[in-house]
């Protein structure tokens with residue numbers, strides 16, 4: 001009974017189509033009304049679930065996620081396919097523009113390589129298909145988000161952790177926390193700085209090294225330079241330093 005209910009939910013939330021620019025898509029939306037877009041690690045888990053029901057859909061889910069990204073290896077936290085972000089919500093999404101954005105400019109927990117391997121089990125052709133794009137994705141993370149070269153990935157926005165508006169970020173962002181009026185200012189500031197982790201660091205912003213992101217990216221990628229736990233702990237201590245949430 002539970003298996004049948006899970007399959008029914010996946011099939012009901014399957015969203016195939018073609019974007020205005022002609023890009024095809026097919027993915028599982030988390031919730032038809034409130035969460036109708038494609039979310040990075042949601043799709044990874046949806047694809048794994050699809051392997052038990054329809055492996056073709058599992059593959060297309062992950063291909064669609066890659067299509068949402070860029071040729072340099074960036075893959076977004078959220079992709080807006082046939083349903084653009086509504087005008088009331090668009091200013092609060094981590095996009096590079098409040099109008100016309102097809103995806104966020106933020107990242108999510110980098111689970112894609114792990115999901116691809118699980119979906120590709122017993123299918124060497126699909127495995128080979130992902131090698132180039134997945135290498136580019138992991139290289140992008142290493143270059144753009146491991147800003148100190150210590151093996152710890154950086155997030156510049158709470159959504160990137162996968163924890164979204166967790167209270168653990170309240171001491172970090174203060175009046176700009178997710179549930180407070182200043183959150184709009186946080187998104188605007190990230191947008192102004194181009195979601196550049198190095199740029200934020202040069203301006204004295206706090207960067208948060210996330211253990212989850214680092215662990216997930218290391219599961220199916222190159223081992224981090226500082227692979228010894230003690231070195232990683234020291235790197236984390238350096239990265240988490242005093243900050244001023246109210247800084248402009």
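Quick one: in region 78-92, of everything that is part of a loop (DSSP other than H, G, I, E, B) and touching a strand residue (DSSP E or B) at 6+ places or on another chain (Cβ under 7 Å), which residue is farthest from residue 156 (Cα to Cα)? So that I can check it myself, show each step before the final result.
Narrowing region 78-92 to residues part of a loop (DSSP other than H, G, I, E, B): 80-89.
Filter once more, so that each one left must be touching a strand residue (DSSP E or B) at 6+ places or on another chain (Cβ under 7 Å): 80-82.
Details: 80: 21, 81: 24, 82: 28 Å.
This residue is 82.
If only one of 11, 70 is over 20 Å from residue 161 (Cα atoms) and within 15 Å of the chain's Cα centre (by Cα), which one is it?
Values: 11 fails: within 15 Å of the chain's Cα centre (by Cα).
Of 11, 70, the one residue that is over 20 Å from residue 161 (Cα atoms) and within 15 Å of the chain's Cα centre (by Cα) is 70.
Select from region 93-123 the residues that are more than 9 Å from the chain's Cα centre (by Cα), part of a loop (DSSP other than H, G, I, E, B) and under 24 Å from residue 55 (Cα atoms) and list them in ascending order.
120, 121, 122, 123
Quick one: residue 65 ticks every box in (1) modelled with pLDDT of 95 or more; (2) surrounded by fewer than 19 Cβ atoms within 10 Å (Cβ to Cβ) except a single one, so which number is it?
Of (1) modelled with pLDDT of 95 or more; (2) surrounded by fewer than 19 Cβ atoms within 10 Å (Cβ to Cβ), only one is false for residue 65: (2).
I need the full set of residues from region 62-87 which are without any contact (Cβ under 8 Å) to a residue 40 or more places away in the chain and either more than 16 Å from residue 44 (Cβ to Cβ) or in contact with a helix residue (DSSP H, G or I) (Cβ under 6 Å, 6 or more places away or on another chain) (or both), in order please.
Correct list: 70, 84, 86, 87.
Of all residues in region 128-151, how many are part of a helix (DSSP H, G or I) and out of contact with any helix residue (DSSP H, G or I) (no Cβ under 7 Å at 6 or more places or on another chain)? Let's see the steps before the verdict.
Here is the first cut: in region 128-151, the ones part of a helix (DSSP H, G or I) are 128-145.
Next, only the ones that are out of contact with any helix residue (DSSP H, G or I) (no Cβ under 7 Å at 6 or more places or on another chain) stay: 128-129, 131-132, 135-136, 139-140, 142-143.
The qualifying residues number 10.
Given the conditions (1) under 24 Å from residue 83 (Cβ atoms); (2) under 13 Å from the mean Cα position of the chain (by Cα); (3) at pLDDT 95 or above, report the number of the one that residue 160 does not fulfil.
(3)
Filter region 27-39 for residues that are surrounded by 19 or more Cβ atoms within 10 Å (Cβ to Cβ) and either modelled with pLDDT under 95 or under 18 Å from residue 120 (Cα atoms) (or both) and give the result.
So the first thing to find is which residues in region 27-39 are surrounded by 19 or more Cβ atoms within 10 Å (Cβ to Cβ), and the list is 27-29, 37-39.
Within region 27-39, 27, 37 qualify.
Could you list, in sequence order, all residues of region 152-176 that are in a helix (DSSP H, G or I) and touching a strand residue (DSSP E or B) at 6+ places or on another chain (Cβ under 6 Å)? Steps first, please.
If we filter region 152-176 for residues that are in a helix (DSSP H, G or I), which is where we start, we get 158-161, 167-176.
The one that is in a helix (DSSP H, G or I) and touching a strand residue (DSSP E or B) at 6+ places or on another chain (Cβ under 6 Å): 161.
The values are calculated or read from the model by the stated rules, or taken from the named source; none is laboratory data. Computed from a prediction, not measured in an experiment: that's the story for all the values here. Methodologically, a virtual Cβ is constructed for each residue, glycine included, from the backbone with ideal geometry; neighbour enumeration extends over all protein chains shown.
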